[in-house]
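Beneath this line is the structure, given in structure tokens, with notes to follow.
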Amino acid sequence: MMRWLAVLLVILGLAASPALAAPDWTTVATKTASGAYVIGNPKAKVRLVEYLSYTCPHCGAFSVESSATLKGKFVKSGSTSIEVRNAVRDRVDLAAAQLARCAAPAGFSGATDAIFAQQQEWLPRAFEYNQINAARLAGYPIGAQLKKIATGAGLDALMRGRGMSDAAIDACFADEAGIAAIATLSDASWKAIQSTPSFVLNGKPYVFKSWPDLEAALRAAGAH
């Protein structure tokens with residue numbers, strides 16, 4: 001009798017079905033009209049805009065300190081989104097930005113975290129390489145310049161460790177339109193800010209003091 005009842009429930013669509021797993025919003029990135037990337041739920045209640053530079057030590061420190069809660073909890077839950085706007089400071093920064101964006105959409109957030117997590121290792125090598133080879137690099141097209149800087153810094157090896165193939169890296173730095181888009185986005189960013197990192201929380205500029213202060217502001221706005 002119980003067997004036939006179970007069959008009947010299935011036929012009628014009344015049988016209990018396993019709950020669908022909640023999406024991991026940290027793996028979702030969508031591009032805005034300006035070329036920025038929004039990490040997380042596009043319809044999140046809490047919307048944080050972050051202006052960042054990959055060669056900015058303060059940006060690196062913020063990423064490392066905040067990631068477990070900001071992305072690991074707030075973004076992952078769908079309550080919060082982060083719109084990343086590049087504010088490029090130099091060729092090294094541009095090389096890192098291009099690689100991170102070439103990992104998009106699903107890999108953009110992870111690539112950004114990895115670049116910042118290893119910043120103290122690759123950044124000194126990048127600046128040393130750039131300084132020693134500045135005159136020679138000037139004779140190359142911009143994409144070739146950035147590729148050589150990425151190689152000298154070890155950024156290409158970092159991305160290969162995350163699954164980016166040599167062919168994908170070559171294509172990344174051959175994408176002159178993508179590189180130009182970062183420059184355009186960066187120009188707009190520097191018209192809006194004076195330093196990195198800078199933030200806008202739910203449409204209003206947020207005066208950044210520390211991650212604990214920003215965390216409290218995000219929670220007050222509804223992040224969880």
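Here, each number is a calculation from the coordinates, and none is a lab measurement. In this text the structure is predicted, and so the values were computed from the model without any measurement. In this analysis, Cβ positions are derived from the backbone assuming ideal geometry, glycine residues included, and neighbour counts consider all displayed protein chains.
For the reader, a short list of remarks on this structure follows.
- Note on the range 25-221: dipole from Cβ charges, positive end direction compared against 145, 49, 77; the farthest Cα belongs to 77.
- Rounded to the nearest 500, the 222 nm mean residue ellipticity of the chain from helices alone is -16000 deg cm²/dmol, with -39,500 (n - 2.57) taken per DSSP H run of at least 4 residues.
- Amide H to amide H distances under 5 Å link residue 83 with 39, 48, 49, 50, where only residues 5 or more positions off or on other chains count and H is placed in the peptide plane.
- In plain terms, the residue of 209, 148 with the fewest other Cβ atoms within 10 Å comes first and the most crowded comes last, giving 209, 148.
- For the range 117-192: rounded, prolate or oblate by the Cα gyration tensor [a/c cutoff 1.5]: rounded
- Count of lysine pairs in the chain with Cα separation under 23 Å (8 or more residues apart, or interchain): 23
- Between helix 108-117 and the chain there is an angle of about 50 degrees, using the helix long axis and the longest principal axis of the Cα atoms.
- Antiparallel %, DSSP beta bridges [both residues in the range 25-221], to 5: 65 percent
- Extension gain from residue 127 to residue 202, taking 0.36 nm per residue of separation minus the Cα-Cα distance: 23.4 nm
- Given charges at beta-carbon only (K, R positive; D, E negative), |dipole| of the chain in Debye: 540 debye
- Start at zero, step by 10 Å, and the Cα-Cα distances of the chain spread as 8, 31, 32, 15, 7, 5, 3, 1, 0 percent across the bins.
- Spacing of the two label points (7 Å from each Cα toward its C-beta) at residue 219 and residue 175, in nm: 3.8 nm
- Calculated FRET efficiency for the pair residue 65/residue 135, C-beta based, R₀ 35 Å, to 0.05: 0.40
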